1. Among GLU322, GLU333, which is the only one that is modelled with pLDDT of 95 or more, of a type in the set (D, E, K, R), open to solvent by 50 Å² or more (accessible area, probe 1.4 Å) and more than 18 Å from MET148 (Cβ to Cβ)?
2. In the set VAL64, VAL124, which member is part of a strand (DSSP E or B), modelled with pLDDT under 90 and within 26 Å of PRO41 (Cα to Cα)?
3. Out of all the residues in region 238-254, is one or more open to solvent by 50 Å² or more (accessible area, probe 1.4 Å) and at pLDDT below 95?
4. Does region 150-170 contain at least one residue that is closer than 30 Å to ASP282 by Cβ, surrounded by 16 or more Cβ atoms within 10 Å (Cβ to Cβ) and at pLDDT 95 or above?
5. Whether any residue in region 129-140 is free of Cβ contacts under 8 Å to residues at least 40 places away in the same chain and assigned to a helix (DSSP H, G or I) is what I want to check.
6. Whether any residue in region 92-103 is touching a residue at least 60 places away in the same chain (Cβ under 8 Å), open to solvent by 10 Å² or more (accessible area, probe 1.4 Å) and either charged (D, E, K, R) or under 14 Å from ILE307 (Cβ atoms) (or both) is what I want to check.
7. What are the pairs, 6+ residues apart or on separate chains, where a residue within region 65-83 that is farther than 27 Å from ASP158 by Cβ and of a type in the set (Gly, Ala, Ser) has its Cβ under 8 Å from a residue that is in a loop (DSSP other than H, G, I, E, B) and open to solvent by less than 50 Å² (accessible area, probe 1.4 Å)?
8. In region 83-100, what residues are among the charged types (D, E, K, R) and under 22 Å from the mean Cα position of the chain (by Cα)?
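The values are calculated or read from the model by the stated rules, or taken from the named source; none is laboratory data. Note that the structure is a prediction, hence the values are computed from the model and not measured. In this analysis, Cβ positions are derived from the backbone assuming ideal geometry, glycine residues included, and neighbour counts consider all displayed protein chains. Keep in mind that these areas ignore ligands, DNA and RNA; they rest on the heavy atoms of the full protein, side chains included. Shrake-Rupley method; radii C 1.70, N 1.55, O 1.52, S 1.80 Å.
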Amino acid sequence: ATFSVRHLQRQSDCRLQRCCSWTRLLDYYRAVMAKSDQELPEGFRQLKTQVAGHTFEESNAEAVGLLQDSKAGCVLKPLGKPECGERELRFYESLAEAGASGDNDLLALLRGHVPRFYGPLKLVVNRRERTFLRLEDLTRSYAKPCVMDVKMGKRTWDPESSPNKRKVEEAKYVMCKQKLGLCLPGFQVYLPKEEHTQETTILRHGKDYGKSLNVEGFKQTMALFFNASTSDSKSRRAGCELLLKEVLRQLQEILAWFQRQRLLHFYASSLLICYDYSRLADPPKPLINGYHQNDDDPATWVRVKMIDFAHVYPAEQGLPDENYMFGLQSLIEVVQSILHR
């Protein structure tokens, strides 16, 4: 089925209006406008490309979102609840140790699928010292960053969750989570304006929009995110095809890792899909001896990385992580369907 960008944007706006009260919308915009009111260390600012997770709030000084150190090329993620924060810190440290020692090939391979980790850092934010994880800024060099957070798996509660926590998690994103093993907490995408395709507009949606999606709506939103229905020029169509093929390549590499590993199970973990819209209109250069030229390698402007490791546990009875792989395989099928339609 074909559908226009205008139709999808109108449809998504209607969903957002149905599922949000005006009060919640007002709170959202207040949070956006409150960015300048936060007390941040010099040289740091709020990450503009954050699309999901905990964010800064105007009326709650304890609510802290992602920070950016643009000079160092880092994103700083605040540690969550003590047990969750410590678990995520240990996960990143274990990957770093595996890479340095070479004792665990599987964990060392996993490092290539997560943002680089530069260690913890203590900062005073809103007059309180907090610990942050310093991570690679995946969109640092992007002129027009498109970013999507996709949470993986039918089951998003971990083995230590209380019955109430399980009930709450099972009630979220029901339509997509149970059928696809996928949730869509948020995304932002640059789109060409219909009347002036050389100009762009930015579309952002959060968790309320994601919760309103059924399976078909999820697939349409993915096509929208990849600009699959807006690529009217020959060069942009070629760029979109290159984008989809590169996303598939990286997804399949992650799947291959999961098919081998019996070490860990990942709950409430996400994939972050990022690309630079400005590269879609650049016609890809011909391959040299079968290889992309360095400045045209799609891996430089398309990135798929695993994130959010506060709920990673040792694999139960040494079994594969079927829960994560179910969502990952669904995502691969959705991207393949967009590429081949």
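1. After applying the criteria, what remains is GLU322.
2. VAL124
3. The answer is yes; a qualifying residue exists.
4. yes
5. Looking for residues that are free of Cβ contacts under 8 Å to residues at least 40 places away in the same chain and assigned to a helix (DSSP H, G or I), one finds none in region 129-140, hence no.
6. Within region 92-103, none of the residues are touching a residue at least 60 places away in the same chain (Cβ under 8 Å), open to solvent by 10 Å² or more (accessible area, probe 1.4 Å) and either charged (D, E, K, R) or under 14 Å from ILE307 (Cβ atoms) (or both).
7. Final answer for the pair search is SER70/ASP137; GLY73/ASP137.
8. Matches in region 83-100: GLU86, ARG87, GLU88, ARG90, GLU93.
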